[in-house]
Amino acid sequence: MKKTQLVTLVSCLAAAGTAEAAVVDKINVDGLQRVEKETVLSYVNVNPGDDVNSEVLNDAFKKLYATGLFADVSFAVKGNVLNIKVDENPVINKRFFDGNDKVDDQMLESEVQLGPRSIYTAAKVEEDVQRILTVYKRVGRYAAEVEPKIIERDQNRVDLIYEIDEGPLAKITKINFIGNKHYSDSDLQGEILSKETRWWRIFSSSENYDPEKSNYDKELLRRFYNNHGYADFRVVSSVAELSPDSQSFVITMVLEEGVRYRIKDINIVSELPEVNTDGLSEELDLEAGDWYNAAKVEKGVYAITEELGKRGFAFVEVEPELEKDMKTGSMTINFRIREGARVFINRINITGNSRTYDEVIRREFRLNEGDAFNAAKIRASRRNIENLNYFSKVDITTAPTNDDNRADINVDVTEKSTGYFNVGIGYSTVNGALIRTGVTENNFMGKGQQLGFDLGISERVQDYNINFTEPYFLNRPLSAGIDLFKSESDYQDEASYDEDTIGGRLRLGWNYTDDLYQTVRYTLRQDEIKDVSKGASIYIQQEEGDYVGSSFGQTLYYDKRDNAIDPKEGYYLSFGNDIAGAGGDEKYLKFDAKAYWYNTFWDNYTLKLFVNGGYIAGYDGEDVRLSQRYFLGGSTMRGFDSAGIGARDKYTEDSLGGNWMVYSGAEVIFPIGLDEVGIKGRTFVDVGMLGKPDNVSYKIVEYSDNPRVSVGFGFSWLSPMGKIDIDFGFPVVKEDYDETEVFRLNFGTSL
């Protein structure tokens, strides 16, 4: 309430209070322009013949002022006449936003209440100012200022202008974790959405402070720890401190990791006599001796529920109960089967997706309209939708209907950007200086499809790739895609030739389980061996020219790693084979296998064991060509130069590759006190063997399939420019003709 209005009210009440109650015979209203007299009298609630006193006038004043129609109201009683004088608030003629470059008018208009033809009041203007400031806080501009101004027009109208100083983005300058013992600050920062401000994040909004994002970070940390054995983990507090100039934040999270639990026993218990639990344990991806994993427990709930549904038990609930022994760090998990509510799904309503098709969301649901309601399947559906990574928020709620046996499921999503542009620069001792750029859209045209283009240029290799993937081919959970590629490679140093490749690939992939998946492919490519040096090996000169390859292949993957980028525990297996000869100039059979195993001990020391193997052989009298052979050295077999191992021409020293390969080793990754910036050390032992290529003469070629061994140490930095690897390798078992290399550097960038 304005000061002038308060004075008027007090004066009127004082004047009215000096007189006895009077009977009013007539009521006058002065100052009206737009408002009807009857409207005023309806709020005053005084009629001719009524008694009027200070209490009645006080009540009338409050009601008139509460309408927002008047800037001032006064009462005067003279004889038996009640005189009411009003000063109407102006009407807003036009409303403008000035200075808003980062937030468009449409967003602001959806938030403010006052608009053209609204009644102007100072209180409502102040409320709208706060709403505008809230919008700017949501986009990270806490230093924004809004000053409302008016321009008076005729007929008691005004133009309302919100002059906005948007101010700079409030960046996150520091994220502190307190209480984390098992995982470093850099490990945890890799799990959350919020990031510390850095110059290379010029295309990212992750460094902008957002309260909703910060709250979701707590949930991400909880999931991360719960999936790695820490069932008691909690975020004790999360505080964001705004700097005095309102331009930056420091976030401090206090964590309580708790005990890490290993599973001692798993039981499936049914409270329903008709439910037989035999065979249900086979649905679980957990066993005694594993670390507790909340995600796998939830998947187990879903798997048991699904199996019981197949057995005819639609209305059951599976609840996991955890029996924890904090002293021993052991846990017993009891999956308890209870009777569920007999409710069916009426409708699934989806809102918030202005770009993404409904079908893209619906196909991730594990329930359909008409199915029995099941909480485990709803949780699984939400997880599937979140994993699409198309939405910043996914809310799923249930709502009753007029039918007690039916309920609606309401899905509300908030879309986010699904495309990204990357630019990279780097250097490696193999390819020299390099630059890479690409554009990827993960939700192309809102249909959930992926479209990407990638270009890489270095001193020795230029490659171009275009790819398209449909994740739900033929309305089934099949990933289908096409790749087009072209590359130009310089192998003059290793083998005195250049190679151009152009081709395409069709692929189809599917999951058997969350960890087991398979891909099949057809590849058509043309390889050209060119610019062969006059002094090159005779075996390379024989291959100069164009060759067309047509091959079918498949790869089976089994991935049990805890993290695909920076694994600390688990293992990864793959087996693939290709057959060429369905047209083209090449006929061969090729087999490849990989195995990796990770285990972390002493909290921050990770042991990595690995073995890779490959074999290729021609058939129908065809030899394996140079472009399909295996080469070892460089990034494979540290301590040896690129293609530094294997058959080599005695006279030209050109590398000729081999028809089979085995590469294995052991590596220990450990902290060196620079975890905060993402730098870790490592020591390694590499062992490799390379087989002989087809039809070469020992009179010309030096060759031995004896194992080569190297040892060394190095550093890895998960830098803002991508992963940087520095290695110092020292061959301890080698042949005299092998080419060695002690130092190796490789890094790239992704902004």
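Which of the peptides 241-248, 411-418, 574-581 is most tightly packed, and how do the rest follow, going by the mean number of other Cβ atoms within 10 Å of each residue?
574-581, 411-418, 241-248
How much accessible surface area, in Å² rounded to 10, belongs to the heavy atoms of Met661 with a 1.4 Å probe?
That residue has around 30 Å² of solvent-accessible surface.
Once label points are set 7 Å from the Cα along Cα→Cβ at both Ser118 and Asp725, what is their separation, rounded to one decimal in nm?
Between Ser118 and Asp725, the simple spin-label model gives 6.0 nm.
When only DSSP loop residues count, what chymotrypsin sites (Phe, Trp or Tyr not before Pro) in the range 427-513 have their Cβ near at most 16 other Cβ atoms within 10 Å?
Here the sparse-neighbourhood loop sites are Tyr512.
List the trypsin sites (Lys or Arg not before Pro) within the range 662-700 that fall in a DSSP loop (any state other than H, G, I, E or B) and whose Cβ has at most 13 other Cβ atoms within 10 Å.
Lys699
Hey, can you find the accessible area per residue of the chain for me, probe 1.4 Å, expressed in square angstrom?
50
Could you calculate the contour length gain from Glu256 to Ile466, that is, 0.36 nm times the residue separation minus the distance between their Cα atoms, to one decimal place in nm?
Answer, rounded to one decimal: 71.0 nm.
Using the beta-carbon distance between Thr414 and Asp585 and R0 = 60 Å, what value does 1/(1 + (r/R0)^6) give for FRET efficiency, to the nearest 0.05? Present the calculation step by step, with values, prior to reporting the outcome.
Details: r = 54 Å, r/R0 = 0.89.
It comes out at approximately 0.65.
Report the FRET efficiency, 1/(1 + (r/R0)^6), for Asn276 and Leu573, where r is their Cβ-Cβ distance and R0 is 60 Å, rounded to 0.05.
That gives a FRET efficiency of 0.95.
Karplus couplings for the range 279-291 from phi (6.51 cos²θ - 1.76 cosθ + 1.60, θ = phi - 60°), rounded to Hz, Gly and Pro as x?
Along the range 279-291, the couplings run x, 5, 5, 5, 7, 8, 9, 9, 8, 4, x, 6, 5 Hz.
Which lysines does Lys590 reach when only Cα atoms under 20 Å apart count, and residues fewer than 8 places away in its own chain are ignored?
Cα-Cα hits under 20 Å: Lys692.
Counting each DSSP H run of 4 or more residues in the chain as -39500 (n - 2.57), what helix-only mean residue ellipticity at 222 nm follows after dividing by all residues, to the nearest 500 deg cm²/dmol?
-5000 deg cm²/dmol
Loop-only check: which GluC sites (Glu not before Pro) in the range 585-680 are DSSP coil with at most 16 other Cβ within 10 angstrom?
Of the GluC sites (Glu not before Pro), the ones in loops of the range 585-680 whose Cβ has at most 16 other Cβ atoms within 10 Å are Glu622, Glu653.
In degrees from 0 to 90, rounded to the nearest 10, what is the angle of the helix 294-310 Cα long axis to the longest principal axis of the chain?
The answer is roughly 90 degrees.
So what's the angle, to the nearest 10 degrees on a 0 to 90 scale, between helix 54-66 and the longest Cα principal axis of the chain?
That helix lies at roughly 30 degrees to the long axis.
Starting from the 7 Å offset along Cα-to-Cβ, what nm value, one decimal, do you get for the label separation of Arg347 and Asn405?
Between Arg347 and Asn405, the label points sit 2.0 nm apart.
In whole percent, how big is the carbon plus sulfur part of the accessible area of the chain, probe 1.4 Å, protein atoms only?
Using a 1.4 Å probe with all protein chains present, the chain comes out at 51 percent carbon and sulfur.
Report the label-to-label distance for Phe715 and Gln492 in nanometres (one decimal), using points 7 Å from each Cα along the Cα→Cβ vector.
The answer from the label model is 3.4 nm.
Note the full-extension length gain between Ala66 and Asp325 as 0.36 nm times their separation in residues minus their Cα-Cα distance, in nm to one decimal.
Contour length minus the Cα-Cα distance gives 87.0 nm.
Tell me which residues come under 5 Å, amide H to amide H, from Tyr472 once H is placed; ignore anything under 5 positions away on its chain.
Hits under the 5 Å cutoff: Ala480.
What FRET efficiency comes out for the pair Ser635/Leu193, r = Cβ-Cβ distance, R0 = 30 Å, nearest 0.05?
Working: r = 32 Å, r/R0 = 1.07.
Step by step, r from the Cβ atoms, then E = 0.40.
Full-extension gain between Arg311 and Arg379, please, as 0.36 nm times their residue separation minus the C-alpha to C-alpha distance.
Extending this stretch completely gives an extra 22.4 nm.
Pop out the ³J(HN,Hα) list for the range 23-35 in order, Karplus 6.51 cos²θ - 1.76 cosθ + 1.60 with θ = phi - 60°, rounded to Hz; leave Gly and Pro as x.
Karplus-based 3J(HN,Hα) across the range 23-35 equals 8, 8, 9, 8, 10, 10, 10, 10, x, 6, 10, 10, 6 Hz.
Roll a 1.4 Å probe over the protein heavy atoms and report the accessible area of His182 in Å², nearest 10.
20
Assign unit charges at the C-beta atoms only (+1 for Lys and Arg, -1 for Asp and Glu), then state the dipole size of the range 280-355 relative to its Cα centre in Debye, rounded to the nearest 20.
About 480 debye.
Each residue of the range 507-521 in order: what ³J(HN,Hα) in whole Hz does its phi give by Karplus 6.51 cos²θ - 1.76 cosθ + 1.60, θ = phi - 60°, with x for Gly and Pro?
9, 9, x, 7, 9, 7, 9, 5, 10, 10, 9, 9, 10, 10, 8
The values are calculated or read from the model by the stated rules, or taken from the named source; none is laboratory data. Please read all numbers here as calculations on a predicted model, not as lab measurements. No Cβ is skipped: glycine too gets one built from the backbone with ideal geometry, and neighbour counts run over all protein chains shown. SASA here: full protein model, heavy atoms, side chains in, ligands and nucleic acids out. Shrake-Rupley method; radii C 1.70, N 1.55, O 1.52, S 1.80 Å.
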